[in-house]
Protein chains: 2
Amino acid sequence: MTDHAIIAELAALLDATQLAAGDAALAFDRDHSDGTGQGVPIAAVFPTSTDQVAAVVRLAAKHGVPIVPQGTRSGLAGGANAVDGCLLLSLEGMTSILSIDVADQVVTTQAGVITFELVRAVAERGLFYPPDPGSWAISTIGGNIATNAGGMRCVKYGVTGDFVRELTVVLASGEIIRTGHRTVKGVAGLDLTSLIVGSEGTLGIVTEATLALLPTPGEPCGVLAAFPSPSQALAAADAIMATGRRPSILEYLDAGTIAAISSFSPSSRLPGGAGAALIIQSDEAGRAAADVEEYAAIALACGATTVDIAQDAAAVDAIMEARRMLHGAMRAVAGASLNEDVSVPRSRLAELLNGIAAIGQNAGVDIFSAGHIGDGNLHPIICFDPADAAAVATANDTYQHVIALAISLGGTASGEHGIGSLKRAHLDAELGPTVRQLQRSVKHAFDPAGLLNPGKKL
Amino acid sequence: MTDHAIIAELAALLDATQLAAGDAALAFDRDHSDGTGQGVPIAAVFPTSTDQVAAVVRLAAKHGVPIVPQGTRSGLAGGANAVDGCLLLSLEGMTSILSIDVADQVVTTQAGVITFELVRAVAERGLFYPPDPGSWAISTIGGNIATNAGGMRCVKYGVTGDFVRELTVVLASGEIIRTGHRTVKGVAGLDLTSLIVGSEGTLGIVTEATLALLPTPGEPCGVLAAFPSPSQALAAADAIMATGRRPSILEYLDAGTIAAISSFSPSSRLPGGAGAALIIQSDEAGRAAADVEEYAAIALACGATTVDIAQDAAAVDAIMEARRMLHGAMRAVAGASLNEDVSVPRSRLAELLNGIAAIGQNAGVDIFSAGHIGDGNLHPIICFDPADAAAVATANDTYQHVIALAISLGGTASGEHGIGSLKRAHLDAELGPTVRQLQRSVKHAFDPAGLLNPGKKL
């Protein structure tokens, strides 16, 4: 069947505004990742209901057309990039929050809702959705589920998957299923919900989700601690994690990222010349200020030169705003960057940072590091001049070395961004051939024709 | 091949003490469940290492012998019961805690370690393993993983699966794989770890696990609140869950279970004539006493007639000891009982309790209820005279009605005990045919010959 005929069939299913065919689809052909390629799609479609998604998938299945599910394409691993001859199936139009259940502390939402919009909507009802990926102002709940997205609050609250109760999923056949349970506990059948979370659209297309919520926590207090060296900051992080408390945020910035943000935004409160910094928060009702005093004392005992305590929301926000400027600041400084997402057991972070420094030195490449030090998830940033082909090649090579280092330390190629097309080459080293084969068998059980997001994740 | 020849091959792999053949195997042919049957095994084996497990599985696979994995057989759903001609593969001999990593807050353990032993061992290093199934003094970590066991602390900390980072698994082929990651976050490949948790030995045999730990929490304080009626206790539980805190324990006892425990153990502090009671705890460091004062005030505002506050460990233990007497007390009162494990969204608990009362009244059967009200997981107990065949039939019928009621309220047949052989009949109603078929396809991807725990879970 010709592309033209397939587009005609799609046009019969959807409104004109829900279909971008041919060249018009190219605007949607990739995500925010660097270092990934994309194919040429037949069309992009924008269904607004689970039934429409199912109808589109049945049509694609009938004609053997690959499907690439998409949210707002804010991903960083190529997971939403087009493959040749595919249908881009965007969930962007599924933007309804279906219900907020205050008594059971759950929200049921369509997949295209922007994460921060959901956070805001449940907050208005006195409830709290903790996962806060850096992209939350632009990424969708469906995309967060597809990648099992993390964020800064994970150190205390866990990742997206920890909050997913039920999923409505369109299978490769076009059948609609509901997985999981609205209840807190439930062990009927195999846990397909957890299997689908993080599967990057390779097992099914998530159209709706019921997510667990918590009561609103206390007003956060925070502290920004500056250290002469990374090792002192690491020691302080270890000591903080060994207390009986879990900080709600425990972020690390190295000298290079501090300097970049400080020069990008001179009004930021970051300690310009520091060798490293920690941002630590507590959101424990009735205890946050005392927690933060304790964290500040630990930082000082570990060699912090300054501790800047934020006792109110405005002061806490000012610190977080500086942290959130990281990628803008790095882009301003470096022209282009490759952003890593490695994770290691926290005890191996010192080796990881030392190893990254050595890799950068050997290659003559600047690598700056920041990230979620409380859970061992670091985002090393490799800077390069995109106009210099040799520099691009060196940066790519360096990127691979950092991933190999993390895996050698008992870590992983991706803590929260996903595998997409960018990191598939590392799965053999990390998982081994037997697990890889088992994963392909599971994929086959869901999608025997291999039409769902081919060439990604697995 | 004859059973005799298979036993001879097993004898060549294992020490004499690791093999019970023929009649000697019958001592291991079932778990603690009522209402489940068992087949006749060929033999029971007691390997002590992953390599021995793999050797046994390869042998069984070669001869097409079904394998039933077992821990200490404390399960309540028939999951560990023999099927005819099977090999009972017990992990009871794998009792080593392999490492406790204080810095990364993880423990790596063999599957046969008793849960409470693990809790105690990590506590000695200042760490905390929260899952506390009622059977923790006799059940194994491997069994807890197989059923995704819950417990009383789940209301705050989550279930067993929430703490599983890595698994060592012997596949149906005898191949050994490692799933998951030692890191807090990790999204490389599909999440086979979560899929295997709760799969009751149908996908693979878990021989080792790395489990996440927390720092030791504060000393718990608690309150035992007595109410005239169940509805008042439910209202208090709702109000407590709506605060910004998560109680570490929130248990419910109805009039019948209170009376049974009080008469079984007159020295218990339970409020003998109450219509319902809640046991509520906080283990928040530096805040537990204040939390419990708040919980007590909420209970009184909801109509509690007495609140008995336990400010020290001895007083807290006395209350918990009474709660833990539940099953002994019911057995003393009732002769025999069927123990349910239904879970519903918390907002449906009132309908569940009312419906159960109606079911009991219609059938002329006593049903008592207690359980983890904070997470909606209730354990209704159906009492009957085991010598009276008609009473046994009525009890079984009643059991099915309670499960159907829970499912109709958006709940599940099992919150934490598992499906085993006992509740398979309910999966169609709960999951529907498409999901059931998908689960069978996943099972087939792991175990194409269907040798792992056949007739269970799925």
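On the stretch given as the range B:221-244, residues that are crowded, with 20+ Cβ neighbours inside 10 Å, within 14 Å of chain A (Cβ to nearest Cβ) and not in a helix (DSSP H, G or I) total 0.
Residues in the range A:293-307 include at least one that is over 30 Å from B:ARG246 (Cβ atoms), of a type outside the set (S, T, N, Q) and surrounded by 23 or more Cβ atoms within 10 Å (Cβ to Cβ). If you go through the range B:173-186, how many residues are crowded, with 23+ Cβ neighbours inside 10 Å and aliphatic (A, V, I, L, M)? Qualifying residue count for the region: 1. No other residue among A:LEU118, A:LEU98 is hydrophobic (A, V, I, L, M, F, W, C) and either facing chain B (nearest Cβ under 10 Å) or under 19 Å from the mean Cα position of the chain (by Cα) (or both) apart from A:LEU118. Within the option set A:GLY204, A:GLY189, being more than 24 Å from A:PRO130 (Cα to Cα), free of Cβ contacts under 8 Å to residues at least 60 places away in the same chain and either buried (at least 21 other Cβ atoms within 10 Å of the Cβ) or aliphatic (A, V, I, L, M) (or both) holds for one residue only, A:GLY189.
Restrict the check to the range A:174-183 and report whether at least one residue is among the charged types (D, E, K, R) and either in the same structural domain as A:GLY415 (by TED's automatic domain parsing) or under 21 Å from A:ILE67 (Cα atoms) (or both). Yes, there is a match, as at least one residue in the range A:174-183 is among the charged types (D, E, K, R) and either in the same structural domain as A:GLY415 (by TED's automatic domain parsing) or under 21 Å from A:ILE67 (Cα atoms) (or both). Testing B:VAL155 on (1) within 21 Å of A:LEU192 (Cβ to Cβ); (2) within 10 Å of chain A (Cβ to nearest Cβ); (3) in a helix (DSSP H, G or I), one condition comes back false. Which one is that? The single condition B:VAL155 does not satisfy is (1).
Scanning the range B:356-409 for residues that are in a helix (DSSP H, G or I), more than 14 Å from every other protein chain (Cβ to nearest Cβ) and closer than 21 Å to B:ALA255 by Cα turns up B:ILE356, B:ALA357, B:ALA358, B:ILE359, B:GLY360, B:GLN361, B:ASN362, B:ALA363, B:ALA395, B:THR398, B:TYR399, B:VAL402.
Of B:ARG165, B:ARG182, B:ARG178, which residue is at pLDDT below 95 and within 11 Å of chain A (Cβ to nearest Cβ)?
B:ARG182
Counted as qualifying within the range A:266-350 are the helices (runs of 4 or more DSSP H) with 3 or more residues that are under 26 Å from the mean Cα position of the chain (by Cα), namely A:313-324, A:326-334.
Candidates are the residues of the range B:103-114 that are out of contact with any Asp or Glu (no Cβ under 6 Å at 6 or more places or on another chain) and either within 14 Å of chain A (Cβ to nearest Cβ) or not in a loop (DSSP other than H, G, I, E, B) (or both); the one that is surrounded by the fewest Cβ atoms within 10 Å (Cβ to Cβ) is B:ALA103. For B:ILE138, the conditions (1) more than 19 Å from B:GLU416 (Cα to Cα); (2) more than 14 Å from chain A (Cβ to nearest Cβ); (3) not small (Gly, Ala, Ser); (4) not in a helix (DSSP H, G or I) all hold with the exception of (1). Scanning the range A:47-57 for residues that are in contact with a strand residue (DSSP E or B) (Cβ under 9 Å, 6 or more places away or on another chain), surrounded by fewer than 22 Cβ atoms within 10 Å (Cβ to Cβ) and of a type outside the set (Asp, Glu) gives A:THR48, A:SER49, A:THR50, A:GLN52, A:ALA54. Considering every residue within the range A:27-36, establish whether at least one is touching a residue at least 24 places away in the same chain (Cβ under 8 Å), in contact with a His (Cβ under 9 Å, 6 or more places away or on another chain) and more than 30 Å from A:VAL119 (Cα to Cα). The answer is no, given that none of the residues of the range A:27-36 is touching a residue at least 24 places away in the same chain (Cβ under 8 Å), in contact with a His (Cβ under 9 Å, 6 or more places away or on another chain) and more than 30 Å from A:VAL119 (Cα to Cα).
The values are calculated or read from the model by the stated rules, or taken from the named source; none is laboratory data. Since this is a predicted model, take the numbers as computed values, not measurements. Here Cβ is always computed from backbone atoms with ideal geometry, including for glycine, and neighbour counts include all displayed protein chains.
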